[in-house]
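Visitor: Let me give you the structure first, and then I'll get to my questions.
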Amino acid sequence: MTVRRPNLATETRLAHAAAGAGATLPAETVAPAIQRGSTVLAADVQGLYAADKPTYGRQGLASQKAFAAGMCELEGAEFCQLYGSGLAAVTGALMSVLHAGDTLLVTDGVYDPVRNFCESFLTRFGVSVVYYPATAAPEEILALAPPSTRALLLESPSSLTFEMVDVPAVAKLARDRGILTLIDNTWGAGLVFKPLDHGVDMSIQALTKYVCGHSDVFLGSVCVRDAKLEALLKRTMIDAGFGVSGEDAYLGLRGLRTLPARFHSQAASALKIARWLETHPAVARVLYPALPSDPGHGLWQRDFTGACSLFTLDLHPAPADKVVAAMEGLSLFGLGFSWGGFESLVVPAKPRRAGKPFSSGPLVRLHIGLENPDDLVADIEDAFQVLR
């Protein structure tokens, strides 16, 4: 409530101007209000320690709550914890469930920054990390799990190389042994693959990619159905100091509302281009589960309702300078990491594997944006002339 007392100094009146205005909104809008607030006022002392509402702005206000609710709709979840990046979502989820002495099973095809976190952070705090082959059968994966295994981290498809895993089978075998399953679901975007429906405990996304969709926001999410996992995620969020700004949550919700239109348009273009690239003389194979030629196509067809616009080219052996020239010769593809935005991108793919190298030929990852696919095909054809 605004303080109205006579003879107050200017400094005092300004400090209390519009106090409490956040409690009521002047009009109802389609989009939520962006509340910029660190301090959350309580009506009484007991309210400062309330468990049923935010007592500090970092816990999330109007736009954060609206966005989290939207993510629950997308993933079929009961709770969504937001993070400041996709990597923070993965690390926050792992920190929520692992303890010293635990073992974590991780796919050998994991996103490289997550591998770094496992090897440089988790091991320092007494967590053992065991990698399983990205193409291993479910029984083979669980056979690698010692009795100390607490959690199993999946990617399906794998980063950069797009191997598919039988997620429902792995989730069931893990659950039978009391092992939690977590999956990076960024490629499926929560739209064409629903991990929680397939028995996975925690679905993680780098919302920076498809959900936000405009290459200008860092966000991540972890979605769950289990109340115990919800409590663990909330506790770690508070203890580790995670938080998301109201502005970023607002932009995330804006992107979420247009996700299906963007995703399916880009996916259609990607499939058209991938099919054409299968016939290109410079390309040995296209790593894309949506193609019948891909080894993981059967699992993708069974579990997914679509594919995103990210895939990798396994090129025929070529001099490194020629491959660089081909990538730099693309005029409609930007040279840049990340993906899921409106623009097409290209990067060399260099997967780290514990065993032998993934391929003898160079790998190039393409992200297909909202440009006309025929224009992108012409651009690739021109730039790849150097590889002939």
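Visitor: Using the structure shown, decide if Ala267 is touching a Leu at 6+ places or on another chain (Cβ under 9 Å) and either of a type outside the set (S, T, N, Q) or more than 21 Å from Gly340 (Cα to Cα) (or both).
Guide: Details: touching a Leu at 6+ places or on another chain (Cβ under 9 Å): no; either of a type outside the set (S, T, N, Q) or more than 21 Å from Gly340 (Cα to Cα) (or both): yes.
No, not satisfied.
Visitor: Can you tell me which of Ala77, Ala100, Ala42 is buried (at least 18 other Cβ atoms within 10 Å of the Cβ), in a loop (DSSP other than H, G, I, E, B), modelled with pLDDT of 80 or more and in contact with a helix residue (DSSP H, G or I) (Cβ under 8 Å, 6 or more places away or on another chain)?
Guide: Ala77
Visitor: Please list, ordered by first then second residue, the pairs with beta carbon atoms under 7 Å, 6 or more apart or interchain, first in segment 240-267 and more than 14 Å from Ser221 (Cβ to Cβ), second in a helix (DSSP H, G or I) and modelled with pLDDT of 95 or more.
Guide: Once the first residue is more than 14 Å from Ser221 (Cβ to Cβ) and sits in segment 240-267, its partners that are in a helix (DSSP H, G or I) and modelled with pLDDT of 95 or more give Ala240/Gly92; Ala240/Met95.
Visitor: How many of the residues in segment 163-200 are buried (at least 23 other Cβ atoms within 10 Å of the Cβ) and of a type in the set (D, E, K, R)?
Guide: The total comes to 2.
Visitor: Only residues that are over 21 Å from Lys194 (Cα atoms) and either touching a residue at least 40 places away in the same chain (Cβ under 8 Å) or not assigned by TED's automatic domain parsing to the domain that holds Gly243 (or both): list them for segment 58-87, please.
Guide: Arg58, Gln59, Gly60, Leu61, Ala62, Ser63, Gln64, Gly84
Visitor: Applying the selection to segment 201-235, what residues are among the hydroxyl-bearing types (Ser, Thr, Tyr) and either crowded, with 24+ Cβ neighbours inside 10 Å or in a helix (DSSP H, G or I) (or both)?
Guide: Ser203, Thr208, Tyr210, Ser221
Visitor: Still on this model: Of the numbered conditions (1) closer than 30 Å to Pro260 by Cβ; (2) free of Cβ contacts under 8 Å to residues at least 60 places away in the same chain, Ile141 fails exactly one; give the number of that condition.
Guide: Tallying (1) closer than 30 Å to Pro260 by Cβ; (2) free of Cβ contacts under 8 Å to residues at least 60 places away in the same chain, Ile141 fails exactly one: (1).
Visitor: For segment 237-247, state whether one or more residues are modelled with pLDDT under 95, over 27 Å from Ala134 (Cβ atoms) and in contact with a Ser or Thr (Cβ under 7 Å, 6 or more places away or on another chain).
Guide: yes
Visitor: Turning to a different aspect of this structure: Given the criterion touching a residue at least 24 places away in the same chain (Cβ under 8 Å), in the same structural domain as Asp226 (by TED's automatic domain parsing) and either assigned to a helix (DSSP H, G or I) or under 28 Å from His367 (Cα atoms) (or both), identify the matching residue among Arg124, Arg175.
Guide: Of Arg124, Arg175, the one residue that is touching a residue at least 24 places away in the same chain (Cβ under 8 Å), in the same structural domain as Asp226 (by TED's automatic domain parsing) and either assigned to a helix (DSSP H, G or I) or under 28 Å from His367 (Cα atoms) (or both) is Arg175.
Visitor: Could you please give the count of residues in segment 293-324 that are farther than 30 Å from Val167 by Cα and surrounded by fewer than 21 Cβ atoms within 10 Å (Cβ to Cβ)?
Guide: Residues flagged as farther than 30 Å from Val167 by Cα and surrounded by fewer than 21 Cβ atoms within 10 Å (Cβ to Cβ) within segment 293-324 amount to 8.
Visitor: Can we say Gly341 is touching a His at 6+ places or on another chain (Cβ under 8 Å), buried (at least 17 other Cβ atoms within 10 Å of the Cβ) and at pLDDT below 90?
Guide: Judged against the criteria, Gly341 is not a match.
Visitor: Taking segment 105-119 only, how many residues are free of Cβ contacts under 8 Å to residues at least 12 places away in the same chain and either assigned to a strand (DSSP E or B) or acidic (Asp, Glu) (or both)?
Guide: 1
Visitor: Asp201: farther than 27 Å from Pro32 by Cα and modelled with pLDDT of 95 or more, yes or no?
Guide: Taking the combined requirement at face value, the residue satisfies it.
Visitor: Taking only segment 236-250 into account, find how many residues are of a type outside the set (A, V, I, L, M) and either outside any loop (DSSP other than H, G, I, E, B) or closer than 26 Å to Ser265 by Cα (or both).
Guide: Final tally of qualifying residues: 6.
The values are calculated or read from the model by the stated rules, or taken from the named source; none is laboratory data. Computed from a prediction, not measured in an experiment: that's the story for all the values here. Because the Cβ atoms are built from the backbone with ideal geometry, glycine has one as well, and the counts that use them run over all protein chains shown.
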